[in-house]
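Asks: Pasting a structure here, questions to come.
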Amino acid sequence: MTPLLIETDPAHGGRWTSLQAAGREWLWHRDEPRRPGAIPGDAFADAGGLEECVPTVRGTPDHGDAWTRPWQRADGTESVDCPDFRLSRRIRSDGGRAVADYRLTAEPGYRFLWAAHALLALSEQAHIGISDGTPTRFYPDSGARWTPCSWPSQPGRTEGLDRLGPDDGTAVGAIVDTPQVYVRDGAATLHMALEAEGQPVSVALWRNLGGFPEQEPYRSVGVEPMLGRVFDLAAARDGDAACVPRSGEVRWRLTLAAQASEPWTQPAQTEPETETASEDTDRKGTHTWIC
């Protein structure tokens, strides 16, 4: 395992602005002048990085309610207050892996989606690793309509969703019924795994090879561990969204690891808060976590 260097920007939606590991930067970025001044209710301003999308990804509010709000930081925990919930996260080190522990508090019965909306800087040769045959919901466009399939099949096309290749003018999505995924690009591999007891966990894929938006399309690839099984909370049926139990809180954990070639195993479930990542703060108010 190689150390991970993570930078977050609490003042601007808690966005992860850097994820460095295995000798490279994993997060893709794009100049988007609307992003620094975004306020609740704005259309999504895609600057790349990893956005915390909650309580929905598509639909209203666009990409959720947390990415447009300033987060607060206290005692190593970053948190944001939204009208219906409070979300907090703490990033720490765990044996060479980076662990982000999340906690959402709301009224019992509150339903929500959450996605670690990670847009990755990947080459045309990158491979997305998920077990063949895993149940998948394929989204042919940016809407709410989906078709069932099995990973890595892409209905109507011979190319699999696990390979990227050159721009072809398409933009599709998928939600795969798995708690873990790896992305291999050249000699480096990034692993992500999600744990959330009693809640639906998935991995979402946004595979935009120059097909979105309709005006001035660009290339972007998202590999996104998520709570839920749909992109739009309004389209969620029973079991498609996370739900706050009687305790009034939902906890989950995102684990990340990077390597060059060694095999990787799923981390055992452990109690949160063991070793906290070392931290630093730069002049612009971003926070660096060295895991």
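The values are calculated or read from the model by the stated rules, or taken from the named source; none is laboratory data. Treat the numbers as computed from the prediction; the structure is a model and nothing was measured. Cβ sites come from the backbone with ideal geometry, for glycine too, and all protein chains shown count toward neighbours. Note: accessible area is taken over every heavy atom of the protein model, side chains too, but ligands, DNA and RNA are not part of it. Shrake-Rupley method; radii C 1.70, N 1.55, O 1.52, S 1.80 Å.
Asks: By average Cβ neighbour count within 10 Å, what is the ranking of 4-14, 102-112, 187-197 from highest down?
Replies: By packing density, highest mean first, the sequence is 4-14, 187-197, 102-112.
Asks: I'd like the Karplus ³J(HN,Hα) series for the range 203-216: coefficients 6.51, -1.76, 1.60, θ = phi - 60°, whole numbers in Hz, and an x wherever there's a Gly or Pro.
Replies: Calculated HN-Hα couplings, in order: 10, 9, 10, 10, 10, 9, 9, x, x, 8, x, 4, 8, 6 Hz.
Asks: Using the Cα gyration tensor of the range 97-232, with a ≥ b ≥ c the square roots of its eigenvalues, what is the shape: rounded (a/c below 1.5), prolate (a/b larger than b/c) or oblate (neither)?
Replies: On the way: a/c = 1.65, a/b = 1.37, b/c = 1.20.
The shape class here is prolate.
Asks: Okay, moving on. Keeping all protein chains in the complex and leaving out DNA, RNA and ligands, what accessible area do you get for residue 29 with a 1.4 Å probe, in Å² to the nearest 10?
Replies: In the full protein context, residue 29 sits at about 90 Å².
Asks: Sticking with this one: Sorted by accessible area with a 1.4 angstrom probe, largest first, how do 84, 31, 132 fall?
Replies: Working: 84 100, 31 150, 132 125 Å².
Sorted by accessible area, descending: 31, 132, 84.
Asks: Moving to a separate point now. For residue 123, tell me the accessible area in Å² from a 1.4 Å probe, rounded to the nearest 10.
Replies: Rounded to the nearest 10, that gives 40 Å².
Asks: Compute for the chain: radius of gyration divided by Kirkwood radius, i.e. Rg/Rh, restricted to C-alpha atoms, rounded to two decimals. Let's see the in-between values first.
Replies: Values: Rg = 17.7 Å, Rh = 19.1 Å.
Looking at the chain, the ratio lands at 0.93.
Asks: Based on the mean of other Cβ atoms within 10 Å per residue, sort peptides 36-46, 144-154 so the most packed one is first.
Replies: Details: 36-46: 13.9, 144-154: 15.9.
Going by the mean number of other Cβ atoms within 10 Å, highest first, we get 144-154, 36-46.
Asks: Would you rank 206, 71 by solvent-accessible area, highest first, keeping every protein chain in place and using a 1.4 Å probe?
Replies: Values: 206 35, 71 10 Å².
Largest to smallest exposure gives the sequence 206, 71.
Asks: Something else: When only Cα pairs under 8 Å and 6 or more residues apart are kept, what is the percent relative contact order across the range 58-190?
Replies: 18 percent
Asks: Pull out the extension gain between residue 150 and residue 215, defined as 0.36 nm times the separation in residues minus the alpha carbon to alpha carbon distance; nm, one decimal.
Replies: 20.3 nm
Asks: Considering only protein heavy atoms, what per residue accessible area in square angstrom results for the chain with a 1.4 angstrom probe?
Replies: Ligands and nucleic acids excluded, the figure is 44 Å² per residue.
Asks: Per residue, what volume in Å³ does the Cα convex hull of the range 1-142 take up?
Replies: Numbers: hull volume 23.3 nm³, N = 142.
With only Cα atoms used, the range 1-142 gives 164 Å³ per residue.
Asks: Using modelled backbone amide H atoms (1.01 Å from N, in-plane), which distant-in-sequence or interchain residues come within less than 5 Å of residue 27's amide H?
Replies: 19, 121
Asks: A follow-up question, please. With all protein chains present and a 1.4 Å probe, how do 139, 182 order by accessible area, largest first?
Replies: 182, 139
Asks: Separation of the range 118-146 and the range 36-110 by C-alpha centroid, Å?
Replies: 22 Å
Asks: While we're here: Of 68, 49, 39, which is farthest towards the positive pole of the range 20-86's charge dipole, taken about the Cα centre with +1 and -1 on the beta-carbons of Lys, Arg and Asp, Glu respectively?
Replies: Projecting each Cα onto the dipole axis, the largest value belongs to 49.
Asks: Rounded to whole Hz and in sequence order, give me ³J(HN,Hα) for the range 70-85 from the Karplus expression 6.51 cos²θ - 1.76 cosθ + 1.60, θ = phi - 60°, writing x for Gly and Pro.
Replies: Per residue, the Karplus-derived 3J(HN,Hα) values read x, 9, 9, 10, 8, 6, x, 10, 9, 8, 9, 9, 10, x, 10, 7 Hz.
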